[in-house]
Amino acid sequence: MQWLRESQLIKSLVEKLNPNEEPELHENAAQALVDIIRYSGPAGSPLMDELESKETVEAILGYSLTATEKGYSDAVSFPDYLRGCHSSLFLLL
């Protein structure tokens with residue numbers, strides 16, 4: 001898992017949530033992030049540490065707010081996507 005963190009997997013996936021990217025890209029990145037959360041388990045993992053970092057959370061929320069402010073109806077809101085996938089995952093946000 002450490003090598004995935006070092007390759008900046010989380011950062012790359014979060015950048016795909018940018019409202020300027022294609023909606024299909026948003027959905028695929030959101031699904032990958034949900035899968036990382038789902039399969040990381042309760043013990044801390046390098047990927048979860050990065051996903052829970054202040055910078056990552058700010059980026060996710062920033063993209064969500066930007067999409068909402070600009071009225072992008074086709075942009076995937078990652079917090080909404082999490083809620084739709086699994087209610088217990090929403091507790092992370």
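The values are calculated or read from the model by the stated rules, or taken from the named source; none is laboratory data. Predicted model, so just to flag it, every value in this text is computed and none were measured. Cβ: placed from backbone, ideal geometry, glycine included. Neighbour counts: every protein chain shown. All accessible areas refer to the heavy atoms of the entire protein, side chains included, with ligands and DNA or RNA removed. Shrake-Rupley method; radii C 1.70, N 1.55, O 1.52, S 1.80 Å.
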(message) Given a 1.4 Å probe and heavy atoms of the protein chains only, how would you sort V14, V57, largest accessible area at the top?
(response) V57, V14
(request) Could you tally the net charge around V57, taking each other residue with its Cβ under 15 Å from the Cβ of V57, Lys/Arg +1 and Asp/Glu -1? (result) -4
(message) Rounded to the nearest 10 Å², what accessible area does K54 have for a 1.4 Å probe in the complete protein model?
(response) 140 Å²
(request) Quick one: P(r) of segment 6-58 from all Cα-Cα pairs, 10 Å bins, percents rounded to integers, in order of increasing distance. (result) 24, 55, 19, 1
(message) What figure, in Å² to the nearest 10, do you get for the accessible area of I36 with a 1.4 Å probe and non-protein molecules left out?
(response) 20 Å²
(request) Provide D49, D35 ordered by accessible surface of protein heavy atoms (probe 1.4 Å), highest first. (result) D49, D35
(request) Leaving out ligands and nucleic acids, note down the accessible area per residue over segment 11-51 with a 1.4 angstrom probe, in whole Å². (result) 52 Å²
(request) Please give the length that would be gained between E52 and E21 if that part of the chain were fully extended, namely 0.36 nm times their separation in residues minus their C-alpha to C-alpha distance (nm, one decimal). (result) 8.9 nm
